[in-house]
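Note sheet for the following structure.
Taken together, the values in this text are just the output of simple stated rules run on the coordinates, not laboratory data. Remember, it's a predicted structure, so these values are computed and weren't measured experimentally. Note: ideal-geometry Cβ built from the backbone for every residue, glycine included; neighbour counts use all protein chains shown.
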Amino acid sequence: MTQHSIEHASFTIERTYSAPPPRVFAAWADPAAKRRWFVEDLTWKTLDYEFDFRVGGREHGRFQGEDGPVFINDTVYLDIVPDRRIAFAYSMSTDDGPFSASLVTVDFQPKGQGTKLVFTEQGAFFDGFDQPTMRQTGWGWLFDALDRALGETRD
């Protein structure tokens with residue numbers, strides 16, 4: 001019999017960008033912009049990607065590393081306040097089943113002429129397949145990709 005476990009964790013990542021909140025928010029909201037940093041900047045092969053940015057809208061992607069398993073990301077947008085906040089729930093899985101479920105808020109705070117982005121994830125990680133530190137590292141890579149997409153350097 002397989003042993004099942006669950007680990008609950010929360011983490012926050014803060015990044016500051018010289019771009020104003022509307023521009024940073026647009027990088028999350030515009031399908032072409034989001035695809036640039038969230039999908040295409042990765043070294044993974046994209047097998048499928050759909051994006052419907054609205055309250056109740058969904059985002060779905062299937063990605064594969066070199067000869068590795070297929071990873072599936074399913075997101076539903078719960079709250080959107082333009083240029084200010086995004087709340088979404090997402091799950092990660094492989095063909096073998098789910099390995100995490102999370103609630104995320106992304107807060108776009110004005111900071112001078114720029115933006116302080118505050119990302120908070122509350123996650124449940126199943127059966128030891130993924131760990132909070134791995135997830136936080138993964139989001140760090142994505143925020144580096146966002147940085148490149150915005151064409152600027154972090155503070």
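Net length available on complete extension from SER10 to GLN109 is 33.6 nm, with 0.36 nm assigned per residue and the Cα-Cα distance removed.
Over the stretch 54-155, calculate the relative contact order: mean separation of alpha carbon pairs under 8 Å at least 6 apart, over the residue count, as a percent.
On the way: 163 pairs, mean separation 15.6, N = 102.
It rounds to 15 percent for the stretch 54-155.
Around ASP79, what is the net charge, scoring Lys/Arg as +1 and Asp/Glu as -1 over all other residues with Cβ under 12 Å from its Cβ? Numbers along the way, then the final one.
On the way: positive: ARG54, ARG84, ARG85; negative: ASP107.
Counting the neighbours of ASP79, the net charge comes to +2.
In the stretch 55-155, what trypsin sites (Lys or Arg not before Pro) fall in a loop by DSSP, with at most 15 other Cβ atoms inside 10 Å? When the trypsin sites (Lys or Arg not before Pro) of the stretch 55-155 are filtered for loop state and at most 15 Cβ neighbours within 10 Å, ARG84, ARG154 remain. Qualifying chymotrypsin sites (Phe, Trp or Tyr not before Pro) in the stretch 45-88, where qualification requires a DSSP coil assignment and no more than 10 other C-beta atoms within 10 Å, are lacking entirely. Within the stretch 14-107, the GluC sites (Glu not before Pro) that combine a DSSP coil assignment with at most 10 other C-beta atoms in a 10 angstrom radius are GLU66. Relative to the longest principal axis of the Cα atoms of the chain, the long axis of helix 132-150 lies at roughly 40 degrees.
Please compute the length gained on full extension between GLN131 and ASP67, using 0.36 nm multiplied by the number of residues separating them and subtracting their Cα-Cα distance.
Details: separation 64, 0.36 × 64 = 23.04 nm, distance 2.17 nm.
Result for the pair: 20.9 nm of gain on full extension.
Counting charges near ARG62 (Lys, Arg +1; Asp, Glu -1) among other residues having Cβ under 13 Å from its Cβ returns a value of -4.
When only the Cβ of Lys, Arg, Asp and Glu is charged (+1, +1, -1, -1), the dipole of the chain relative to its Cα centre reaches about 660 debye.
Multiplying the residue separation of THR46 and ALA32 by 0.36 nm and removing their Cα-Cα distance gives an extension gain of 3.6 nm. A dipole drawn for the chain from +1 and -1 charges on Cβ atoms has a positive end, and of LEU47, GLN64, LEU78 the residue lying farthest that way is LEU78. Near THR137, once Lys and Arg are set to +1 and Asp and Glu to -1 for all other residues with Cβ below 14 Å from its Cβ, the sum equals -2.
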